[in-house]
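Notes follow the structure.
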Amino acid sequence: MNTTSPSQLVLSRAQDASLRAAAENAYPAECCGLLAGTGEASLTLTQVVNAANIATDPQRQFTIDPQVHFDLLRRLRGTGERVIGHYHSHPNGITGLSRQDVAMADDPNAVWVIIALDAAQHARTPLAFVCPAGQEPMRIEIVIRP
Ligand SMILES: [Zn+2]
């Protein structure tokens with residue numbers, strides 16, 4: 001069990017671009033997907049895995065297709081990588097977690113990446129959070145490696 005709460009998420013320029021593209025392409029719906037990675041306090045993102053948003057109202061909420069989660073867990077078995085969290089976009093431009101997001105948070109070690117769109121539907125810089133049970137979400141640092 002991982003007891004070290006993450007404080008940093010390291011991603012590549014290509015992964016940053018891929019998260020932004022997912023957010024822009026899904027507009028006006030929310031995009032969503034899973035993040036695979038390694039590390040504990042400092043997490044390194046290894047894979048951005050897009051998933052269908054199967055929420056009943058995908059313009060206001062997200063639900064990651066459970067089959068994608070299942071397939072990823074299976075694919076990561078024995079690789080040293082694990083599911084470190086997930087991402088989704090906010091077409092309404094809100095940069096932090098919504099009240100609904102906080103209500104869904106059930107894993108204090110899961111990283112939440114939010115990609116908010118600006119008024120011109122361009123993706124802002126993704127932000128990362130952890131959401132300890134019963135607490136306000138805490139923003140963690142995103143480091144883009146060259
Ligand atoms: Zn949200």
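Throughout, read-outs are computed from the coordinates displayed, never taken from laboratory work. Quick caveat: nothing in here was measured; it's all calculated off a predicted structure. Neighbour counts are summed over all protein chains in view; Cβ atoms, including those assigned to glycine, are modelled from backbone coordinates with ideal geometry.
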Q: Please build a GNM for the chain, connecting alpha carbons under 10 Å apart, and tell me which residue among Gly134, Gly85, Gly39 fluctuates the most.
A: Gly134
Q.
Helix 13-26 against the longest principal axis of the chain: what's the angle in degrees, Cα atoms only, rounded to the nearest 10?
A. 40 degrees
Q.
Could you derive backbone 3J(HN,Hα) for the range 40-49 from the dihedral phi with the Karplus parameters 6.51, -1.76 and 1.60 (θ = phi - 60°), listing whole Hz in sequence and x where the residue is Gly or Pro?
A. 10, 5, 10, 9, 10, 6, 10, 8, 9, 10
Q. For labels at Ile54 and Ala21 in the simple 7 Å Cα→Cβ model, what's the distance in nm?
A. 2.6 nm
(Q) From the C-alpha coordinates alone, can you work out the Kirkwood hydrodynamic radius of the chain, in Å? (A) 15.1 Å
Q) Can you give the angle from 0 to 90° between the axis of helix 66-76 and the longest principal axis of the chain, with both taken from C-alpha atoms, to the nearest 10? A) 30 degrees
Q: Could you work out how far the C-alpha centroid of the range 97-138 sits from that of the range 35-82, in angstrom?
A: 15 Å
Q.
Antiparallel versus total DSSP beta bridges in the chain: what percent is that, nearest 5?
A. 60 percent
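Please compute the contact order of the chain in relative form: average sequence separation of alpha-carbon pairs under 8 Å and at least six residues apart, divided by the residue count, as a percent.
Details: 322 pairs, mean separation 41.1, N = 146.
Reported relative contact order: 28 percent.
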Q: Rounded to whole Hz and in sequence order, give me ³J(HN,Hα) for the range 53-61 from the Karplus expression 6.51 cos²θ - 1.76 cosθ + 1.60, θ = phi - 60°, writing x for Gly and Pro.
A: 8, 9, 4, 5, 10, x, 7, 10, 8
Q. Mind listing the phi-derived Karplus ³J(HN,Hα) values for the range 135-144, rounded to whole Hz, using 6.51, -1.76 and 1.60 with θ = phi - 60°, and x for any glycine or proline?
A. 10, 5, x, 10, 6, 10, 6, 10, 10, 9
Q. Can you list the residues, at least 5 places off or on another chain, whose amide H is less than 5 Å from the amide H of Ile140, using H built in the peptide plane?
A. Ala128, Phe129, Val130
